[in-house]
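Engineer: Attaching a single structure in structure tokens format; questions to follow.
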Amino acid sequence: MLSSHERMLVRRYLLPGAESRIILLVATIGLTAVTIGVAALIVVMSVMNGARTKLSIQFAGVDGHASISRPGQYLADWRELEAEARRQAAVKTAVPALEAPAMASVEGRVLPAIVRGIRAQDMSIDPLFAASGRSFLGAVPAHGDEVVVGSVLAEQLGISVGSPITMMRPSLTSESSLSLKSTGFVVTGLLETGVAKYDSKLVVMNLGAAQRMLDSGDVASRINLTTERLEGAAEGLAPLKSGLPKGTILQTWRELNKPIFDALALEHIGMFIAVSLIVVVAQFNILSSLMMLVGSKVRDIAIIRTMGASRSSILRIFVTVGTAIGSSGALLGSVIGLTLVGSRERLAVFLGDHVLGGSRSAELSALIDLPARISFGETAGILLMTLAGTILATLYPALRASRVDPAIVLRYQ
């Protein structure tokens, strides 16, 4: 705790007189830079968190929260695996699916596709159709000759609801020669998941139709699972994972899309380091302002020391001065950052109405739809990191001030 005279000196040094305006200017620059750096960190980290959350929801909405599969093999025992999965308390839905690459053809146009077969009774609970945020036109396949096509694939093929489509799949004949098996279908629906990989390739049909088209027999390639909590899928499904037959694996949404989320994590770290450099530069400004303050107040420090002030008292005074500047900037920056993230939609509307004359540009639409999720733990970490860096920046000037020898100063000054 600071004594009364220490608090008085802190207030005086935070607001130096006219003879020390340059010190006040440098300190103000440091405070402003800390404010900008903390606000930028909060905004950037919130956007990165929002993007990660949005992607995880999109991918989980296609493949489920987890998937049971057997690498290199079909699941001939998919009924037993489905029953075992449904017995788990953490499992909300279990949907067997047969998935394989194929080709889609319409009037000579041929594009690569991914065939996914799902039982008719599972269509209503499958994440593809049940997840929120889906754009779906038409009806789910009710018969073996009906399919739902990804919106981008449909656009590329020039088809809509009611159009015919041919699915082709290479197969081996009895003479071991390669042939192309073609099966005709009717498009009953168009699906937009928000994931380009699926919107441009996915073709959904009944499980029996997929088995006949692929000549696979009564098998599935995976069982897609959903749980009560997306983030807790790994922990909730741990008992199921440990009890699976040999060669059968359970992968969560994070493991199924590991390269993408690893890249996001690396980008998250890179952005944090890059934006943190603003705060580091600001802390150097605080250090330089304190060095200038110590240099201009050497005689005052010597007089205070002769009046009985200890070295630790001088140290506390200058550490408090620097910490007050840094903490003020950190708190102000956090308020600005949280306000910008929370009011981005109102900000976009204000810019459109008062700056752009009522127009709604693509940039404003992107700002309104910008995914952002504030992590209060991360925000607290940013504040603590800023305060710790500020205290470290004040230590050297404060130590210099505490080591002033009053005898030498008063003798020669």
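Engineer: Collect the residues in the stretch 200-257 that are more than 16 Å from Gln88 (Cα to Cα), hydroxyl-bearing (Ser, Thr, Tyr) and outside the structural domain of Met167 (by TED's automatic domain parsing), keeping them in residue-number order.
Structural biologist: Passing the criteria: only Thr248.
Engineer: Filter the helices (runs of 4 or more DSSP H) completely within the stretch 311-413 down to those with at least 3 residues that are modelled with pLDDT of 85 or more and assigned by TED's automatic domain parsing to the domain that holds Leu293. Let's see the steps before the verdict.
Structural biologist: Numbers: elements: 311-342, 344-350, 362-368, 376-402, 406-412.
By residue number, 311-342, 376-402.
Engineer: Here is a further query. Looking at the stretch 261-276, I want the residues that are part of a helix (DSSP H, G or I) and have a partner that is basic (Lys, Arg) with Cβ atoms under 6 Å, at least 6 apart or on another chain. Which pairs are those?
Structural biologist: Close Cβ pairs satisfying both conditions: Phe261/Arg254; Leu264/Arg52.
Engineer: Another question about this same structure. Give, as residue ranges, the helices (runs of 4 or more DSSP H) completely inside the stretch 1-114 that count at least 2 residues that are touching a residue at least 12 places away in the same chain (Cβ under 8 Å), touching a helix residue (DSSP H, G or I) at 6+ places or on another chain (Cβ under 7 Å) and charged (D, E, K, R).
Structural biologist: Values: elements: 4-14, 21-63, 78-86.
Correct list: 21-63.
Engineer: Please work out which residue is farthest from the chain's Cα centre (by Cα), limiting yourself to the stretch 268-303 and to residues that are of a type outside the set (Val, Ile, Thr) and over 30 Å from Arg12 (Cβ atoms).
Structural biologist: Within the stretch 268-303, the first condition is being of a type outside the set (Val, Ile, Thr), and the residues that meet it are 268, 270-272, 274, 276-277, 282-285, 287-293, 295-297, 299-300, 302.
Then keep just the ones that are over 30 Å from Arg12 (Cβ atoms); that gives 268, 270-272, 274, 276-277.
Numbers: His268: 8, Gly270: 13, Met271: 12, Phe272: 12, Ala274: 17, Ser276: 18, Leu277: 21 Å.
Ranking the qualifying residues of the stretch 268-303, first place goes to Leu277.
Engineer: Step by step: first the residues of the stretch 223-252, then only those that are within 18 Å of Leu75 (Cβ to Cβ) and of a type in the set (D, E, K, R), then the one that is nearest to the chain's Cα centre (by Cα). Which residue is that?
Structural biologist: Lys241
Engineer: One residue is enough: does the stretch 155-172 have a residue meeting the conditions buried (at least 21 other Cβ atoms within 10 Å of the Cβ) and either at pLDDT below 85 or not assigned by TED's automatic domain parsing to the domain that holds Glu99 (or both)?
Structural biologist: There is no residue in the stretch 155-172 that is buried (at least 21 other Cβ atoms within 10 Å of the Cβ) and either at pLDDT below 85 or not assigned by TED's automatic domain parsing to the domain that holds Glu99 (or both).
Engineer: Could you tell me which of the residues Val203, Val186, Val281 is in contact with a strand residue (DSSP E or B) (Cβ under 6 Å, 6 or more places away or on another chain) and surrounded by fewer than 16 Cβ atoms within 10 Å (Cβ to Cβ)? Lay out the reasoning, then the answer.
Structural biologist: Working: Val203 fails: surrounded by fewer than 16 Cβ atoms within 10 Å (Cβ to Cβ); Val281 fails: in contact with a strand residue (DSSP E or B) (Cβ under 6 Å, 6 or more places away or on another chain).
On inspection, the qualifying residue turns out to be Val186.
Engineer: Is there a residue in the stretch 44-57 that is buried (at least 19 other Cβ atoms within 10 Å of the Cβ), within 30 Å of the chain's Cα centre (by Cα) and under 30 Å from Ile223 (Cβ atoms)?
Structural biologist: The answer is yes, given that some residue of the stretch 44-57 is buried (at least 19 other Cβ atoms within 10 Å of the Cβ), within 30 Å of the chain's Cα centre (by Cα) and under 30 Å from Ile223 (Cβ atoms).
The values are calculated or read from the model by the stated rules, or taken from the named source; none is laboratory data. For clarity, every value in this text was computed on a predicted model and none was experimentally measured. Note that we place each Cβ from the backbone using ideal geometry, even for glycine, and neighbour counts take in every protein chain shown.
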